[in-house]
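The values are calculated or read from the model by the stated rules, or taken from the named source; none is laboratory data. The model shown is predicted, which means the values in this text are computed figures rather than measured ones. Note: ideal-geometry Cβ built from the backbone for every residue, glycine included; neighbour counts use all protein chains shown. When the accessible area is computed, the model is the full protein with side chains, heavy atoms only, and any ligands, DNA or RNA have been set aside. Shrake-Rupley method; radii C 1.70, N 1.55, O 1.52, S 1.80 Å.
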2 protein chains.
Amino acid sequence: MRNEPRAFMLEGPDYVPSVYDHHLTRRLSAMAGQYADQAAYEQMLAGEDVTLYEVYELQRPQVAGELLHGISIVHPGKVGDEFFMTKGHFHTVLETGEIYTCLKGRGAMVMETPEGDWAVEELYPGRVLYVLPRWAHRSVNTGHEEDLVTFFVYPGNAGHDYGTIETQGFRKLVVERQEQMQIIDNPRWRERVASTGSA
Amino acid sequence: MRNEPRAFMLEGPDYVPSVYDHHLTRRLSAMAGQYADQAAYEQMLAGEDVTLYEVYELQRPQVAGELLHGISIVHPGKVGDEFFMTKGHFHTVLETGEIYTCLKGRGAMVMETPEGDWAVEELYPGRVLYVLPRWAHRSVNTGHEEDLVTFFVYPGNAGHDYGTIETQGFRKLVVERQEQMQIIDNPRWRERVASTGSA
């Protein structure tokens with residue numbers, strides 16, 4: 001890891017950083033249980049294990065004071081009527097925020113707190129979103145043809161807690177119905193929490 | 001201060017955030033002793049106390065885990081042969097970094113560490129620069145007509161130490177000679193450190 005200031009380019013059409021350390025590819029098979037329409041998920045997976053999203057990261061020490069950063073690319077598509085999306089996560093150190101700048105495409109950031117607050121903010125080029133400390137977050141590509149590309153920055157000590165969302169999901173889903181984006185309640189959300197409590 | 005995720009637009013031509021909490025204007029009179037050509041500085045100031053740069057900030061608590069962010073706009077111009085620039089600073093919590101994304105114009109980030117390392121990185125639209133923890137930094141507009149506009153993100157607990165740079169300056173200056181940008185040694189840099197030591 002170079003110990004000097006590092007500059008790189010973010011340029012269209014794809015916005016892959018001109019310099020990066022890691023390239024992560026997340027496929028449909030990594031999202032078991034995350035999409036509401038399980039039948040559609042199984043059917044799609046039987047066809048092809050498509051790539052849902054990719055992340056390009058620049059490496060830095062995972063300590064407070066550093067800023068980890070990179071690019072997230074969510075491809076267009078749907079599982080049933082639910083748009084392609086990232087797994088989504090809380091930060092392990094809950095009191096850490098994250099800033100997203102949308103570079104390309106059209107999407108939404110689905111967010112919620114452990115206390116039950118939720119929010120969905122639109123993403124489109126030029127739009128900057130500050131995801132506050134305590135808010136879990138998931139990017140959703142609500143477009144039909146273009147990738148959703150965002151540049152993210154978060155504190156080096158934040159960490160990723162994927163497990164909580166894998167277990168309980170987000171309270172809200174982003175779907176397309178009657179050719180419109182809609183935010184709906186996640187029908188499976190309460191069920192999962194209840195089953196966790198009674199196990 | 002809203003306790004919900006907050007989104008705003010950064011759009012041309014000026015890139016002033018569509019939402020902000022503070023607008024800081026830094027004029028020539030605030031830069032006494034910072035430009036190498038003191039005679040040119042005094043002469044210019046006698047004419048007009050021009051605005052060198054402006055900062056638009058979005059407010060958040062100044063604590064670790066939060067990410068402070070906003071826009072810096074350095075106007076074009078020179079004091080003698082030295083380009084308009086920001087005061088520049090170390091972070092008070094030295095082990096904190098900062099990310100700059102250039103949105104408009106052409107410039108340079110002048111950087112140095114307490115240990116004597118220095119670096120100058122070019123800024124132009126699409127270029128992202130990670131200023132590592134420990135590196136003091138100053139934005140310089142090396143263009144002739146356009147503003148230099150950058151979007152910055154830094155940890156909430158970083159703080160600003162302007163005093164060290166006010167006292168000793170940066171090791172390097174960015175000037176224009178023979179119609180070219182040049183990086184030169186700051187002739188007054190050592191002198192100041194010596195005078196501090198012998199006072």
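Sort shortest first the distances from B:Arg27 to its counterpart in every other copy, using label points 7 Å along the Cα-to-beta-carbon line, and give them in nm.
6.4
Which one, A:Pro187, A:Pro125, A:Pro17, has the greatest fluctuation when you compute a Gaussian network model over chain A with C-alpha springs under 10 angstrom?
Maximum fluctuation in the GNM of chain A, among the listed residues, is at A:Pro187.
A:Arg177 accessible area, nearest 10 Å², 1.4 Å probe?
So the heavy atoms of A:Arg177 present about 90 Å² to solvent.
Note the distances from A:Glu179 to each other copy's matching label point, with points 7 Å along the Cα-to-beta-carbon direction, in nm, sorted shortest first.
5.7
List the GluC sites (Glu not before Pro) within the stretch A:1-63 that fall in a DSSP loop (any state other than H, G, I, E or B) and whose Cβ has at most 11 other Cβ atoms within 10 Å. Could the numbers behind the result be given before it?
Values: sites: A:Glu11, A:Glu42, A:Glu48, A:Glu54, A:Glu57; in loops: A:Glu11, A:Glu48.
Filter output for the stretch A:1-63: A:Glu48.
Give me a single rounded figure for B:60-69: the average over its residues of other chain Cβ atoms within 10 Å of their Cβ. Walk me through the numbers before you get to the answer.
Numbers: counts 4, 1, 0, 2, 8, 14, 7, 12, 3, 6.
That works out to 6 on average.
So how much accessible surface do B and A hide from each other in total, probe 1.4 Å, in square angstrom to the nearest 100? Let's see the in-between values first.
On the way: alone 10130 and 10160 Å², together 17300 Å².
Its buried surface, counting both partners, is about 3000 Å².
Rolling a 1.4 angstrom probe over the protein chains, ignoring ligands and nucleic acids, what is the accessible area of B:Cys102 in square angstrom, nearest 10?
Surface accessible to solvent at B:Cys102 totals approximately 0 Å².
Quote the accessible area belonging to A:Trp135 in square angstrom, nearest 10, computed with a 1.4 Å probe and with ligands, DNA and RNA left uncounted.
20
Could you order A:Tyr124, B:Tyr35, A:Tyr20 by accessible surface area, starting with the largest, using a probe radius of 1.4 Å?
Values: A:Tyr124 60, B:Tyr35 0, A:Tyr20 100 Å².
Sorted descending by solvent-accessible area, the residues read A:Tyr20, A:Tyr124, B:Tyr35.
Angle, helix A:189-198 long axis vs. longest principal axis of chain A, Cα atoms, 0 to 90°, nearest 10?
Taking Cα atoms only, the helix is inclined about 80 degrees.
Could you state the number of Å between the C-alpha centres of the stretch A:104-154 and the stretch A:38-56?
21
Which one of B:His69, B:His23, B:His91 has the biggest mean-square fluctuation once chain B is modelled by GNM with Cα springs under 10 Å?
In the Gaussian network model the winner is B:His23.
Taking a label point 7 Å out from Cα toward Cβ, give me the nm distances from A:Gln43 to the same spot in the other copies, shortest first, one decimal.
Once sorted, the set of distances for A:Gln43 reads 7.9 nm.
Find out how many positive minus negative residues lie around B:Gly97, taking Lys and Arg as positive, Asp and Glu as negative, among other residues whose Cβ is under 9 Å from that of B:Gly97. Please list the in-between numbers first.
Working: positive: A:Arg60, B:Arg134; negative: A:Glu66, B:Glu95, B:Glu98.
Counting the neighbours of B:Gly97, the net charge comes to -1.
Kindly list the residues of the stretch A:50-78 that lie in the label zone of B:Glu95, defined by a backbone N under 14 Å from the point 7 Å along the Cα-to-C-beta vector.
Residues passing the 14 Å test: A:61-67.
Please list, ordered by chain and number, the residues whose modelled amide H lies under 5 Å from the amide H of A:Gly143; skip anything fewer than 5 residues away on the same chain.
For A:Gly143, the qualifying residues are A:Arg106.
Relative contact order for chain B: what percent, with Cα pairs under 8 Å and sequence separation of 6 or more? Walk me through the intermediate numbers first.
On the way: 449 pairs, mean separation 43.4, N = 199.
Computed value for chain B: 22 percent relative contact order.
Are there residues in the stretch B:126-147 whose accessible area shrinks by at least 10 Å² when all protein chains are included rather than the chain by itself, and which are they (probe 1.4 Å, ligands and nucleic acids not counted)?
B:Gly126, B:Arg127, B:Val128, B:Leu129, B:Tyr130, B:Leu132, B:Pro133, B:Trp135
Tell me the Kirkwood radius of the stretch A:67-199: reciprocal of the mean inverse pair distance over distinct alpha-carbon atoms, in Å. Spell out each step's value before the answer.
On the way: mean 1/r = 0.0661 Å⁻¹.
This gives a value of 15.1 Å.
Using only helices, what value at 222 nm comes out for chain A when you add -39,500 (n - 2.57) per DSSP H run of length 4 or more and divide by the total residues, to the nearest 500 deg cm²/dmol? Each step should come with its number before you reach the end.
Values: 3 runs with 26 residues, N = 199.
It comes out at -3500 deg cm²/dmol, rounded to the nearest 500.
At a 1.4 Å probe radius, carbon and sulfur cover how many percent of the accessible area of the stretch A:1-138? Could you put the intermediate results ahead of the total?
Working: 2580 of 5460 Å².
C and S fraction of accessible area: 47 percent.
Mind listing the phi-derived Karplus ³J(HN,Hα) values for the stretch A:175-183, rounded to whole Hz, using 6.51, -1.76 and 1.60 with θ = phi - 60°, and x for any glycine or proline?
Ordered by residue, 3J(HN,Hα) equals 10, 10, 9, 6, 6, 10, 5, 9, 9 Hz.
Can you pull out the GluC sites (Glu not before Pro) in the stretch B:93-190 whose DSSP state is coil and whose Cβ has at most 11 other Cβ atoms within 10 Å?
Numbers: sites: B:Glu95, B:Glu98, B:Glu112, B:Glu115, B:Glu121, B:Glu122, B:Glu145, B:Glu146, B:Glu166, B:Glu176, B:Glu179; in loops: B:Glu95, B:Glu115, B:Glu145, B:Glu146, B:Glu179.
Loop-located and lightly packed - B:Glu115, B:Glu145, B:Glu179.
7 Å from Cα along Cα→Cβ at both B:Trp118 and A:Thr51: what's the point-to-point distance in nm?
4.3
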